[in-house]
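The values are calculated or read from the model by the stated rules, or taken from the named source; none is laboratory data. What you are looking at is a predicted structure, and each value in this text was computed from that prediction instead of being measured. Note: ideal-geometry Cβ built from the backbone for every residue, glycine included; neighbour counts use all protein chains shown.
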Amino acid sequence: MSTRQPFTSRADTRPTGPRRAIASFDTYAEAEAAVDSLSDRQFPVEHTQIVARDLKMVEQVTGRMRPLDAFLRGALSGAIAGALIGWLFGLFDWTDPIVASAWLAFHGLWIGALVGGTAALIAYLLLRGRRDFSSVSVLSADRYDLLVDEQFADEAARLLASTESTGSTGSTGSSTPSTGESRPTS
């Protein structure tokens with residue numbers, strides 16, 4: 001008779017003890033390359049974390065928003081959604097599915113464009129000029145720390161130092177070694 005191990009989720013296997021920062025990187029790609037390097041050297045990477053520090057949201061303004069712009073953006077979104085929904089509804093017509101799908105997709109396209117454009121225009125007009133621009137938001141960090149469980153930190157730092165000396169991490173920047181202080185994390 002065999003005994004089965006109960007199912008454990010990833011959340012159940014996360015370490016709960018203190019961790020130490022063994023390196024700090026300027027980009028996420030560099031931190032990712034360091035963890036990949038540790039993995040290539042058979043280090044138990046489930047005891048590592050990449051932590052973004054000094055997060056900031058950057059909003060890049062892409063242009064002025066006018067009523068026509070709002071209507072056209074809404075119409076495009078509505079047209080895509082309407083065409084997709086119309087096409088899906090057409091698939092369930094058992095008598096002539098190809099014609100029905102195309103016909104319903106066409107009707108979904110123009111009805112979706114009309115509804116989407118009108119809804120976007122109404123939303124724009126309700127703002128009464130408080131936000132007359134369009135923008136794209138990006139979340140970025142100033143640095144990425146590589147944290148390792150305290151019991152594995154010395155080995156990870158040694159492996160990372162030997163990897164950096166041979167230049168095989170694939171990272172373009174240099175990492176900043178930790179001061180060795182232990183930080184508990186939640």
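Being out of contact with any Phe, Trp or Tyr (no Cβ under 9 Å at 6 or more places or on another chain), closer than 12 Å to Gly112 by Cα and not polar (S, T, N, Q): is that true of Gly78 here?
Here the answer is yes, as Gly78 does meet what is asked.
Within the group Pro44, Pro67, which residue is loosely packed, with under 15 Cβ neighbours inside 10 Å and farther than 30 Å from Glu164 by Cβ?
Pro67
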For this session: Please work out if Leu159 is assigned by TED's automatic domain parsing to the domain that holds Glu30, part of a strand (DSSP E or B) and either without any contact (Cβ under 8 Å) to a residue 40 or more places away in the chain or within 30 Å of Asp26 (Cβ to Cβ) (or both).
Result: no
Exercise. How about the range 42-82: which of its residues are assigned to a strand (DSSP E or B) and within 20 Å of Gly129 (Cα to Cα)?
Worked result: Glu59, Gln60, Val61, Thr62, Gly63, Arg64
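On the basis of being part of a helix (DSSP H, G or I), under 30 Å from Val115 (Cβ atoms) and at pLDDT below 90, does Ala100 make the cut?
yes
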Exercise. Within the range 83-96, is even one residue in contact with a Phe, Trp or Tyr (Cβ under 7 Å, 6 or more places away or on another chain) and either part of a loop (DSSP other than H, G, I, E, B) or within 30 Å of Asp142 (Cβ to Cβ) (or both)?
Worked result: no
